[in-house]
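Peer 1: The structure that follows is given in the form of structure tokens.
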Amino acid sequence: MVHESGDVWDVDLPEMKIDKNQIKEQAKKYRMGNVPLGLGRVMNRDEFEDYEMEVLSRRLP
Amino acid sequence: MDDLSDREEARLKELTELYAKYKHIMLYADALRGEHFAPPTNEMKDAFDHLMRIYSVKFGLRPDQNENYVFTNIDAAYRHIYRATFEWLDYIRIVQMDYITEKLEDISSETLSAVFPDYYKDIRPEISRIVAEIPAYKSDKDIGSPDITIVTRYFESVKQLRSHLNRIERNIPALIKYEEITKKLEGISSEALVKVFPEYYKEILPDISRIVAEITSYKVDEDVDSPDIQIELQYSESIKQLESHSNRINSMIPALIKYEGERKNEKRHDYTIYAIIAVIAALVGAAASVVISAAIT
């Protein structure tokens, strides 16, 4: 998409959005990409924050 | 291509040094769980975009930018790589903590104290210190002037965690074997061990103590990528010996349980006799008191 001024150089790129189901479907469809990605093994920020809370709530023995 | 100014060149050099650290951290982190962690990739995509803006000016595609444009974009790229590095460092810290708690969750504190005394002495306090220290670094990551020394400090902490993790990992087989042995003998009295399995106190227990002392005396190689082969062989030999004792104890468990069962039955029998004697004594006492009171009246 071209910016209104016609100059896209200083337009910030959109944030990457990750849809695990789409990744898995596309991996099946196109047989491309690496195995972890194809299996949908991707962690986004929200998932990481949940994981972080869970790990830090555990006590070391 | 136009030359870089001194200021631009200095910042670009810092960016390159930071990227070297980023790459090292990223390659290590990426292999930890076999999954892709998206947030740093997002930052790197933005860093790349800022670098391309610089090239667009330096190659004359957009010659009329102000004099700060190139420096501002080098600085912006630096900040994105800085944030990407912190994303990975946070990720590593949490994955390592997860790994440590998961590995040790079934190991009792008694076993840890006996086989791996350094865990409570040095490692556990150090892990707690590092984990408490890291969020302080994390809160610094958004400050106005990103500082590579903070990344270096954080990186060193994560490397320390990695070294502790390696020591824990190395001790896991010994911890599991020792835990197995102690669990097998839970509920078995020393009397049963002396009677049914006299070798336990004579040979096996002293030998287990010797092996554990040997394991704890092995110097741990801090260089996780090139461990000392001689020590590794000794360690593996110790584990085999523990395993052999564990198997021997295992073979004696049915006999020990049988003995314990018989002992309990005998005790139950004894209690029945004591109860009958007590009842008879009470009856005799009652009869005697009746006779005595009749004699008095």
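So that you can scan it fast, the table gives a plain yes or no per residue for (1) in a helix (DSSP H, G or I); (2) within 14 Å of chain A (Cβ to nearest Cβ):
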| site | (1), (2) |
| --- | --- |
| B:GLU9 | yes, no |
| B:TYR19 | yes, no |
| B:HIS24 | yes, no |
| B:TYR28 | yes, no |
| B:LEU32 | no, yes |
| B:ASN42 | yes, yes |
| B:PHE48 | yes, yes |
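Peer 1: Still on this structure, please answer the following. For region B:59-80, which positions are farther than 18 Å from A:LEU13 by Cα and of a type in the set (S, T, N, Q)?
Peer 2: B:GLN65, B:ASN66, B:ASN68, listed by residue number.
Peer 1: For region B:200-219, which residues satisfy the criterion of being surrounded by 14 or more Cβ atoms within 10 Å (Cβ to Cβ) and either part of a helix (DSSP H, G or I) or among the acidic types (Asp, Glu) (or both)?
Peer 2: B:TYR200, B:ILE204, B:LEU205, B:ASP207, B:ILE208, B:ILE211, B:VAL212, B:GLU214, B:ILE215, B:THR216
Peer 1: Taking interchain pairs and intrachain pairs at least six residues apart, which have beta carbon atoms under 9 angstrom, with the first residue in region B:51-62 and facing chain A (nearest Cβ under 10 Å) and the second in a helix (DSSP H, G or I) and hydrophobic (A, V, I, L, M, F, W, C)?
Peer 2: Pairs that qualify, where the first residue is facing chain A (nearest Cβ under 10 Å) and the partner is in a helix (DSSP H, G or I) and hydrophobic (A, V, I, L, M, F, W, C), are B:ARG53/B:VAL70; B:ARG53/B:ALA76; B:ARG53/B:ALA77; B:VAL57/B:VAL70.
Peer 1: Is one or more of the residues making up region B:234-252 at pLDDT below 85, touching a Lys or Arg at 6+ places or on another chain (Cβ under 8 Å) and in a helix (DSSP H, G or I)?
Peer 2: yes
Peer 1: From the list B:ASP122, B:ASP147, which residue is of a type outside the set (Lys, Arg), free of Cβ contacts under 8 Å to residues at least 12 places away in the same chain and under 30 Å from B:ARG7 (Cα atoms)?
Peer 2: Exactly one of B:ASP122, B:ASP147 is of a type outside the set (Lys, Arg), free of Cβ contacts under 8 Å to residues at least 12 places away in the same chain and under 30 Å from B:ARG7 (Cα atoms), namely B:ASP147.
Peer 1: Take A:GLU47 and tell me if it is modelled with pLDDT of 85 or more, more than 18 Å from the chain's Cα centre (by Cα), closer than 26 Å to B:ASP98 by Cβ and facing chain B (nearest Cβ under 10 Å).
Peer 2: For A:GLU47, the condition - modelled with pLDDT of 85 or more, more than 18 Å from the chain's Cα centre (by Cα), closer than 26 Å to B:ASP98 by Cβ and facing chain B (nearest Cβ under 10 Å) - is not met.
Peer 1: Go over the candidates B:TYR78, B:TYR99, B:TYR82 one by one and state the one that is within 13 Å of another protein chain (Cβ to nearest Cβ) and either part of a helix (DSSP H, G or I) or touching a residue at least 24 places away in the same chain (Cβ under 8 Å) (or both).
Peer 2: Selected residue: B:TYR99, the only one of B:TYR78, B:TYR99, B:TYR82 that is within 13 Å of another protein chain (Cβ to nearest Cβ) and either part of a helix (DSSP H, G or I) or touching a residue at least 24 places away in the same chain (Cβ under 8 Å) (or both).
The values are calculated or read from the model by the stated rules, or taken from the named source; none is laboratory data. In this text, all values refer to a predicted model and were calculated from it rather than measured experimentally. Neighbour counts run over all protein chains shown; Cβ positions are idealised from the backbone, glycine included.
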